[in-house]
Structures are given as C-alpha cells and as structure tokens.
Amino acid sequence: YKELNAKRIQILEYITEPKARAYAHLFLVAERIGEIPMDLAEVSYHEFLQNYPEYPDFIEFITWFHDEIKSVSPGEPAIPFNLPDRDGNMFSMADFGGKFILLDFWAGWCQPCLEEFPFMRDIYQKYSREELEILGISTEVDRSIWLQDINRFKNPWPQLYGGKGFDQETFKGYKGGGIPFYILVDPDGKIARYNDMRPSFNFTIVLDSLLADYQTRNSGL
C-alpha cells in the first residue's frame with residue numbers, strides 16, 4: 001500500500017491547475033478512507049479540509065463519504081436488526097450478545113458465497129457457541145427460494161431472512177456493495193472487523209487474535 005500511495009502522490013505533483021489538483025486529491029483521500037484504518041485515513045481527510053476550503057462541493061462530498069465509512073468502522077456500534085427465521089420468529093442482535101458474531105450476507109445465486117460454506121462449517125465446529133455465533137442473513141428477494149436454499153445447504157447456524165435484495169435495511173446500513181459480505185461483531189456489540197476476512201482465508205487467524213485480546217482485557221491482566 002505504501003508503494004501504491006507514493007505513486008499516487010507523485011501524480012499529484014504533475015497537476016498544476018488548482019481545481020484539477022484538488023479534484024485528484026479528493027479521490028486520493030476517498031481511496032484512503034475506503035482502504036486503510038480510519039485513524040490513519042483521517043490525517044489526510046483533515047488535511048484536505050484545511051487545504052481546500054475554496055471548493056465547498058468537494059468538502060461536502062468528502063465529509064459525507066468520511067461519515068458514511070466511519071459509521072461502520074471497527075469500534076463503532078453494530079447496526080441493529082430485527083429479522084425473522086424460517087418459522088417467523090424475530091431475532092435481534094441482543095439475542096446473540098456476549099460472544100463474537102459473524103454476519104454472513106449471502107444468497108443462493110452467489111457462487112462465491114456458496115464456496116465459503118465448507119470452511120464456515122469447519123469454523124462452526126471449531127469454536128464453541130460461547131465464543132462465536134454465525135448468522136446467515138439472506139439478501140434473496142424471493143422468500144420461497146430462500147427456504148429452498150437453506151433446505152439445500154443445511155448449514156447449522158441460524159438463518160435469518162432479510163429479503164429485498166441489496167435494498168435490505170441491515171445490508172444497506174453496513175454500506176454493503178456486494179456479496180459475500182462479512183461483518184464481525186464483538187461481544188460488546190461493536191464492529192470488530194469490516195468485510196476484510198474470508199472463512200476460506202484469514203478468518204480463524206483474525207478471530208483467534210481477537211479472542212485472545214478480549215480474554216486478556218476481561219481477565220484484568
């Protein structure tokens with residue numbers, strides 16, 4: 001990332017027209033906000049606000065974008081939900097509190113979602129329900145297709161129906177852009193990781209580290 005960022009900054013040096021330079025810098029800052037931890041990205045964000053006050057449209061956009069991304073950054077409260085299971089029983093985040101929760105936004109037509117299921121089953125067996133719960137939240141529009149899908153895959157974790165495709169409120173609340181889409185919530189109900197892990201790749205490494213840190217903090221050590 002440092003090498004890529006250095007190249008981007010070099011390009012800015014060749015843009016001499018003030019508004020064009022501000023416009024290019026705007027997108028550089030937006031990319032930083034979307035790509036790196038917020039505490040690091042905010043350095044560039046605040047510099048932009050100070051350096052380009054003469055372009056209020058740019059300031060308005062980057063402020064909006066910053067606030068949108070910050071609202072779902074690690075450490076922020078998880079987005080609340082109230083969603084039904086297959087029997088119509090309603091569940092909220094509070095029903096699964098006190099443990100890490102992996103929110104898996106998926107649909108049966110999403111092949112990358114389905115390819116993660118074998119790894120998720122292994123993970124579900126590895127960790128206790130006191131440590132981790134997985135919640136499947138479907139973005140399938142047609143409820144009958146969702147029911148067919150959960151019968152077909154028989155995943156052992158709770159399945160909740162969001163519906164409405166990508167317009168589903170919880171998915172939109174997390175600024176989801178595509179699936180599979182994963183949010184990890186910590187036992188205190190805060191976002192721990194934002195769509196930067198995959199069950200097939202790095203999830204167990206991430207969770208083991210978070211569990212160790214959480215246990216250390218709560219043991220008084």
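Yes/no matrix, rows are residues, columns are (1) over 20 Å from R193 (Cβ atoms); (2) among the hydrophobic types (A, V, I, L, M, F, W, C); (3) in contact (Cβ under 8 Å) with a residue 60 or more places away in the chain:
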site: E47; (1), (2), (3): yes, no, no
site: Q50; (1), (2), (3): yes, no, no
site: E68; (1), (2), (3): no, no, yes
site: G75; (1), (2), (3): no, no, yes
site: P84; (1), (2), (3): yes, no, yes
site: S92; (1), (2), (3): yes, no, no
site: G98; (1), (2), (3): no, no, yes
site: W106; (1), (2), (3): no, yes, yes
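Within this structure, P80 passes the test of being in contact with a Ser or Thr (Cβ under 8 Å, 6 or more places away or on another chain) and under 16 Å from P187 (Cα atoms).
Scanning the range 19-45 for residues that are open to solvent by 20 Å² or more (accessible area, probe 1.4 Å) and either in contact (Cβ under 8 Å) with a residue 24 or more places away in the chain or outside any helix (DSSP H, G or I) (or both) yields a total of 10.
Hey, I59 hits all of (1) in contact with a Leu (Cβ under 8 Å, 6 or more places away or on another chain); (2) in a loop (DSSP other than H, G, I, E, B); (3) free of Cβ contacts under 8 Å to residues at least 12 places away in the same chain but one; which does it fall short on? For I59, the exception is condition (2). For the range 178-201, state whether one or more residues are among the β-branched types (V, I, T), open to solvent by less than 60 Å² (accessible area, probe 1.4 Å) and over 26 Å from K70 (Cβ atoms). Within the range 178-201, not a single residue is among the β-branched types (V, I, T), open to solvent by less than 60 Å² (accessible area, probe 1.4 Å) and over 26 Å from K70 (Cβ atoms).
Within the range 135-159, the set of residues being surrounded by fewer than 21 Cβ atoms within 10 Å (Cβ to Cβ) and closer than 20 Å to M93 by Cα comprises N155, P156, W157, P158. Out of T216, T139, one residue alone is more than 18 Å from A78 (Cα to Cα) and without any contact (Cβ under 8 Å) to a residue 24 or more places away in the chain. It is T216. Summed over the range 105-149, residues that are of a type outside the set (D, E, K, R), part of a helix (DSSP H, G or I) and either in contact with a Lys or Arg (Cβ under 7 Å, 6 or more places away or on another chain) or over 15 Å from G178 (Cα atoms) (or both) total 12.
Put simply, of G178, G173, G136 the only residue that is out of contact with any Ser or Thr (no Cβ under 8 Å at 6 or more places or on another chain), small (G, A, S) and farther than 18 Å from L114 by Cα is G173.
Restricting the range 100-115 to residues that are of a type outside the set (A, V, I, L, M) and open to solvent by less than 40 Å² (accessible area, probe 1.4 Å), which is farthest from D142 (Cα to Cα)? Ranking the qualifying residues of the range 100-115, first place goes to F100.
The values are calculated or read from the model by the stated rules, or taken from the named source; none is laboratory data. Note that the structure is a prediction, hence the values are computed from the model and not measured. No Cβ is skipped: glycine too gets one built from the backbone with ideal geometry, and neighbour counts run over all protein chains shown. Remember, those area values only see protein heavy atoms, side chains included, never the ligands or the DNA or RNA. Shrake-Rupley method; radii C 1.70, N 1.55, O 1.52, S 1.80 Å.
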